[in-house]
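Asker: Once you've had a glance at the structure underneath, I'll fire off some questions.
The values are calculated or read from the model by the stated rules, or taken from the named source; none is laboratory data. Since this is a predicted model, take the numbers as computed values, not measurements. Note that we place each Cβ from the backbone using ideal geometry, even for glycine, and neighbour counts take in every protein chain shown.
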Amino acid sequence: MKYCGVVYDVGLEFGGHGFSVEPFDPALVEYDMRTIANDMHANAVRIEGEEIHRLTTAARAAHSMGLTVFLNPWKMNEGVDGTCIYLEEAAKAAERLRNEGVDVVFVASCEYTIFSKGVLPGESFNERAMWLGAQYPDGHMSEDVPQALREKSVELNKVLRSFAKVIRAEFNGSLTYSAGTWELVDWDIFDIVGVDYYRRGETKEQYVAGLERHRFGKPLVVMEVGCCAYEGASDRGDGGFLLLKSTNPDGSGVFEGGVIPTRSETEQAKYLNTQLSLLATADVHAVFVYVFSFPCMRRGEGASDLDMMCFSLVKYCPERDARANAMPPWSPKESFHQVADFFRYMLQPQLQCPTTPGQD
């Protein structure tokens, strides 16, 4: 494993309610990148977000800490033409970074089929996600991709080729994409294979074996892995957040079945340690843990604890808490320390790599 890193969000428009990071504070970004490099022992970071100036600010901060940057410009719910225009501008910015000496890999979007328009039916994320879910009536995404999604993947690859064309015209570095496991990508388009690879209740053997269908003779990067911080989240993988149905006017959560989950940082930490230990022996080029922080979902009590419903490695203090104005306005979860220990061992070969077989 050449790269051990985390995903770092600089602001995305998930549901038309503003950016997930607001305000954007360059001083905090510098602090976070120092933490990622020095305290988490990472050597890479995948920076995702919409606004290009935020992306480049974070990339320069990461570079100053010696981190390789996987730059992921991401304009959600945009169509193909608009995305091409956006990625062309982002590619110009990425080339400027590369010419400054930043070690940068360009990530040409993420799970385009559900987060953007033009491949799956639906004008919104929810509509596209519902259509996707209907293709797996048993609720489990098996390795056998349904025929309807195979057909949609043909259209997806046309879209991805158009993205690669405009990006490569401006950017001379390596190019990859962050694929969902339901997307059958033509990896001849890219230099690096990238897949968001969560475990959703499979056995350890099934989880590792599933990587084989993503091997195409190129470096294989696990672009996302992680889970939420409540009891039962480990079996849900990337779908863990779905228990949160909406929020009340006071900011508290509305949960599936009216049942408030039980917070468990330990479950999140154990899940990540198990998955990372499995990936360490699975011949992957890099792994990125999702996600370092998610300030729009903060720590609270009971139904007000939205932090447990996100994937972050640090927990933001409630806005009314005096610590919310400190530097940093967050504190590490158990998973932060677990991931940091793993990265330290992985990137210092003279030390014995930790293993935690405890999760079946």
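Asker: Can you tell me which residue among Arg96, Arg128, Arg150 is surrounded by fewer than 20 Cβ atoms within 10 Å (Cβ to Cβ), touching a helix residue (DSSP H, G or I) at 6+ places or on another chain (Cβ under 8 Å) and not in a strand (DSSP E or B)? Don't jump to the end; show me each part of the working.
Answerer: Details: Arg128 fails: surrounded by fewer than 20 Cβ atoms within 10 Å (Cβ to Cβ); Arg150 fails: touching a helix residue (DSSP H, G or I) at 6+ places or on another chain (Cβ under 8 Å).
After applying the criteria, what remains is Arg96.
Asker: Here's another thing I want to ask about it. Just one of the numbered conditions (1) part of a helix (DSSP H, G or I); (2) surrounded by fewer than 15 Cβ atoms within 10 Å (Cβ to Cβ) is not true of Phe216; which one?
Answerer: (1)
Asker: Could you list, in sequence order, the residues of segment 240-255 that are more than 14 Å from Gly302 (Cα to Cα) and exposed (fewer than 15 other Cβ atoms within 10 Å of the Cβ)?
Answerer: Scanning segment 240-255 gives Leu242, Lys245, Ser246, Pro249.
Asker: Residue check: is Asn77 farther than 25 Å from Glu334 by Cα and either modelled with pLDDT of 95 or more or not basic (Lys, Arg) (or both)?
Answerer: Values: farther than 25 Å from Glu334 by Cα: yes; either modelled with pLDDT of 95 or more or not basic (Lys, Arg) (or both): yes.
Against the criterion (farther than 25 Å from Glu334 by Cα and either modelled with pLDDT of 95 or more or not basic (Lys, Arg) (or both)), Asn77 qualifies.
Asker: Mind checking which pairs have a first residue in segment 254-278 that is closer than 24 Å to Tyr197 by Cβ and a second that is of a type in the set (Lys, Arg), Cβ under 7 Å, 6 or more apart or different chains?
Answerer: Glu265/Lys333; Gln268/Lys333; Gln275/Arg199; Leu278/Lys204
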